[in-house]
Structure formats: structure tokens, C-alpha cells
Amino acid sequence: MALFSYIALNEAGQSMTGTVEQSDRNNAISTLVKQGLRPISISEAKAKAKTFSFKNILGSNRVKPDQLVMFTRQLSAMISAGVPLLRALNALASHVSDNPTLKKILEGVIADIESGSTFGDALSKYPNTFDEIYVNMVRAGEAAGILDDILKRLALQQEKNMAIRKKIKSSMAYPVVLLSVTVLAFFGLMIFIVPQIGKIMVDLGGPDAKLPFLTLMMLGLSAFVTKFWWIFIIVTVMIVFVFTRYTKTKKGRYVYHKLLLKTPMVNKIVAKVAVAHFARTFSALIEAGVAVLEALAVTSRAVGNAVYEEALVAAEDDVKNGKSLSSVIEKNPLFPPIIPQMLLVGEETGQTDKVLVKVADFYEEEVESAVSSISSIIEPVMIVIMGGMVGLIAAAVMLPIAGLSQTIK
């Protein structure tokens, strides 16, 4: 979508200026005409450069998922109670104090609706807050006259997605802390403790004392880390930077996601999360009245994995050619056998949305179980690594002491 600035005359002959976001210039002109304006001048506006801000770095200028869920539920309740859309949005915008970004977005949405845009089109101008699933479901709700019901489903879907993310984060928190402590302990021992131990060994045995290989190895590693510690920092930063930049490219993202699907233990979680996202998103769109092809297109971009995205895009092409979705999915090894079977049942009974909701619930529970099992495996592994590291250092200290005691005897 491109941003176009315009000068136009309204029905009263007054000159107006503003901006409109459309795919091309002709669509921008059509939008203005639909709003009762007569364009005089229209040109593509240059995107504003992003300014450096600590808010951008910390992410405080974004709308948090829980805030979006709360907004969606409140708007649904107000519309269900018979409050007009604009009045409901104005009321919510006036009471949003904890997030100025959401307040600004709502003010922009209100202005667009007042100028003739639909609610869905107004939301589409803020893709960082309202993704394609949200926008398409709102558009379907507007077209069917069930916007309040659609918003309830959206809030439920967002809560489910949040629950999965929180479960994964909470389950991996302890292993990450253990790994961090292990790395810090390693550098602390190498920089502060081992050099002092080496000095004691030299004082006891003299400069010509023969130390065991393990002790010499530890002292050499300690000397290298102490002298060139900055190399570790530079290499770490470079690896993170290159990895981040590469995975942001289309090819890099695909390679990374494909690698995850081949990594032992991790691949099961990644696959189950992708299948759960597919089932819940596709069912929500179908239930909202979105056409199958459009629902597949939106779901492919929201599934969260480039490999599954490619598979769904290929499935979309096959469905266009007249094949059933269940038969197409059945041929793809990325999807477990239960998915095409449940899709087939849904296609035969006309209840694809309800069937896939049960599939999504099942795989979300599977994700929780898989994450918990991996977390329980990682914890003892980290403890063994820490114990082994301390044991090696202890052996490096005790071996020369034992040798010195034998010499003294």
C-alpha cells in the first residue's frame, strides 16, 4: 500500500487536503470520489524516515496484546448493547490513558470512518497493531452485520495465542536462566579464580614445576580469556547481528524455519504450534464468512512459519483448480494425518470451522505438554554441565597438589 497526498474540493466547493492509503493512484482517486470529493491534485507522499527513539527500542510505542484484547472485548460489548460504532470508538479513545499509541490509532480510525471509510479499511492502515486476520474478520463482520460476534471471536483467538506464547516463555525461563548462570560462572572462574590458583601452584612448586596437562590446559584457557575477553563480546554481537539480519530476509527466514523443523525435540513444538495456528486462524475466518481461498491466503501469512506458509500457498493454487482442501493437505507430510481427516469431516458436514477449533484446542494442549517435557530435560542437562565445569576446575587444582605432596614425601 502506498500513501497519497491530495488536494480536493468537497460538495460545498471548499478546498481540502489530506492523505489516503491505497495500492495505486487510480484506487486513491476512486476512494476520494466515493467520499464525495473532487480531486484536483494527487501525488504519492514520501514515507517519513523513522526517528531514533528509546521507545522504539524498548517497544513501548506498541500496543500490547493484552491491551488489544481488552479493546476488542470492550468494543464488542458496546456494539452488542446497541451503541453506534463511532460513539463506541470515541468513548474507548477518550478512556485510553495507559497507552497513548492506541489512543492515537483510535483517533486516526475515527477520522477515517468519519470521512467515509469502512471500519475494516480504517484498521488496515495500522498493520503493526491490527494484522490481516483482524482486518479481514472485521470486514466479514461488517458485511454480514455481525460485527459484535466477530469481535468476541477475535478476542478469544487473541487470548488463545497469548496463552501459548506465555506458556512457552514461562517453561523456557528457568533453562535460560541456568544457561546464563553457566556462561557467567565460566567467565568468572576463568578471569578471577583460575589465575589465582595458577599463581598458588607456581609458588608451591616453583617456576620449573611440571603441572598436569589438565591444569596447563585450564591455565592456558584462563590466560586467553583474560587477555582476549573482548573478542568473545565482538564475536557474539556479530553473530547475533548477522543472524538477525539474515532471518529478516525471505530466504533467511525460510532456511531458519526449515532448520527448526529438522532440529530434534524443537521440531515437534514448532510443527504443533504452526498446525494449531493454522487450525484456529482458518476456522475463525471460515466461521466469520470469509471465502476459503481468501481464508487460506490470510492464514498462510499468519501461521508463523515460512515452510508452512509455502505449503498453504501451494494448497491455495490446488484449491483454485478444483481440488478439495482435505485432499491437498493429505499429500503434504508437514500436516499430521488428523488434519486432512478432520477437514474431510468438516467439508462433508459443512462444519469445518467447528471441527478445526477442536483440532486447535488439541494441538495447543500438545504444545504445552511438549514444552514442559523439553524444559524438564534441559534443566538437568544444564546442571550436569555446570557440575562438570566445576569438577574440571577442581581436578585441575587437586592434581598438582597431589603431585606436590608425593614429591614432599
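The values are calculated or read from the model by the stated rules, or taken from the named source; none is laboratory data. Nothing here was measured: the structure is a model prediction, and the numbers come from that model. Ideal geometry is used to build each Cβ from the backbone, glycine not excepted, and the neighbour counts take in all protein chains shown.
Restricting LEU356, LEU343 to those that are hydrophobic (A, V, I, L, M, F, W, C), farther than 21 Å from LYS167 by Cβ, surrounded by 12 or more Cβ atoms within 10 Å (Cβ to Cβ) and at pLDDT 80 or above reduces the list to LEU343. Within the span defined as the range 342-361, one or more residues are closer than 25 Å to VAL270 by Cβ, in a helix (DSSP H, G or I) and among the polar types (S, T, N, Q). Might you check whether a residue that is touching a Phe, Trp or Tyr at 6+ places or on another chain (Cβ under 6 Å), part of a helix (DSSP H, G or I) and among the small types (Gly, Ala, Ser) occurs anywhere in the range 293-315? The answer is yes, given that some residue of the range 293-315 is touching a Phe, Trp or Tyr at 6+ places or on another chain (Cβ under 6 Å), part of a helix (DSSP H, G or I) and among the small types (Gly, Ala, Ser). If you go through the range 134-164 and keep only what is free of Cβ contacts under 8 Å to residues at least 12 places away in the same chain and under 21 Å from GLY304 (Cα atoms), you end up with just LEU156.
Put simply, of ALA12, ALA28, ALA49, ALA8 the only residue that is at pLDDT 70 or above and surrounded by fewer than 10 Cβ atoms within 10 Å (Cβ to Cβ) is ALA12.
So which residues in the range 86-117 are small (Gly, Ala, Ser) and either assigned by TED's automatic domain parsing to the domain that holds ALA28 or within 28 Å of the chain's Cα centre (by Cα) (or both), if there are any at all?
First, pick out the residues of the range 86-117 that are small (Gly, Ala, Ser): 88, 91, 93-94, 97, 108, 111, 115-117.
Result: ALA93, SER97, GLY108.
Restricting attention to the range 137-148 and to residues that are modelled with pLDDT under 80 and over 18 Å from ALA77 (Cβ atoms), the residue that is nearest to the chain's Cα centre (by Cα) turns out to be ALA140.
Being among the hydrophobic types (A, V, I, L, M, F, W, C) and modelled with pLDDT under 85 holds for only one residue in LEU216, LEU151, and it is LEU216. Could you give every pair whose Cβ atoms fall below 7 Å, whose first residue belongs to the range 291-309 and is modelled with pLDDT of 85 or more, and whose second residue is not in a helix (DSSP H, G or I), counting only separations of at least 6 or pairs across chains? So the pair list comes out as VAL307/LEU261; VAL307/LEU334; TYR308/LEU334; GLU309/VAL303. Checked against the criterion of being among the hydroxyl-bearing types (Ser, Thr, Tyr) and at pLDDT below 80, the candidates SER97, SER115 yield just one match: SER97. Taken as a whole, the structure leaves ILE393 outside the set of residues that are over 30 Å from VAL202 (Cβ atoms) and in contact (Cβ under 8 Å) with a residue 12 or more places away in the chain. Could you please find all residues in the range 257-276 being under 13 Å from VAL307 (Cβ atoms) and assigned to a helix (DSSP H, G or I)? Answer for the range 257-276, where residues must be under 13 Å from VAL307 (Cβ atoms) and assigned to a helix (DSSP H, G or I): HIS257, LYS258, LEU259, LEU260, ASN267, VAL270, ALA271, VAL273, ALA274, VAL275.
Here GLY388 meets each of (1) at pLDDT below 85; (2) in contact with a Ser or Thr (Cβ under 8 Å, 6 or more places away or on another chain) with one exception, condition (2).
On the given criteria, is ALA395 surrounded by fewer than 17 Cβ atoms within 10 Å (Cβ to Cβ), touching a helix residue (DSSP H, G or I) at 6+ places or on another chain (Cβ under 7 Å) and at pLDDT 80 or above? Before the answer, list the steps.
Values: surrounded by fewer than 17 Cβ atoms within 10 Å (Cβ to Cβ): yes; touching a helix residue (DSSP H, G or I) at 6+ places or on another chain (Cβ under 7 Å): yes; at pLDDT 80 or above: yes.
It is true that ALA395 is surrounded by fewer than 17 Cβ atoms within 10 Å (Cβ to Cβ), touching a helix residue (DSSP H, G or I) at 6+ places or on another chain (Cβ under 7 Å) and at pLDDT 80 or above.
Which is out of contact with any Pro (no Cβ under 8 Å at 6 or more places or on another chain), surrounded by fewer than 18 Cβ atoms within 10 Å (Cβ to Cβ) and part of a helix (DSSP H, G or I), of ALA122, ALA143? None of the others qualify; the one that does is ALA143.
For the range 166-183, the condition holds for at least one residue, the condition being that it is in contact (Cβ under 8 Å) with a residue 60 or more places away in the chain and of a type in the set (D, E, K, R).
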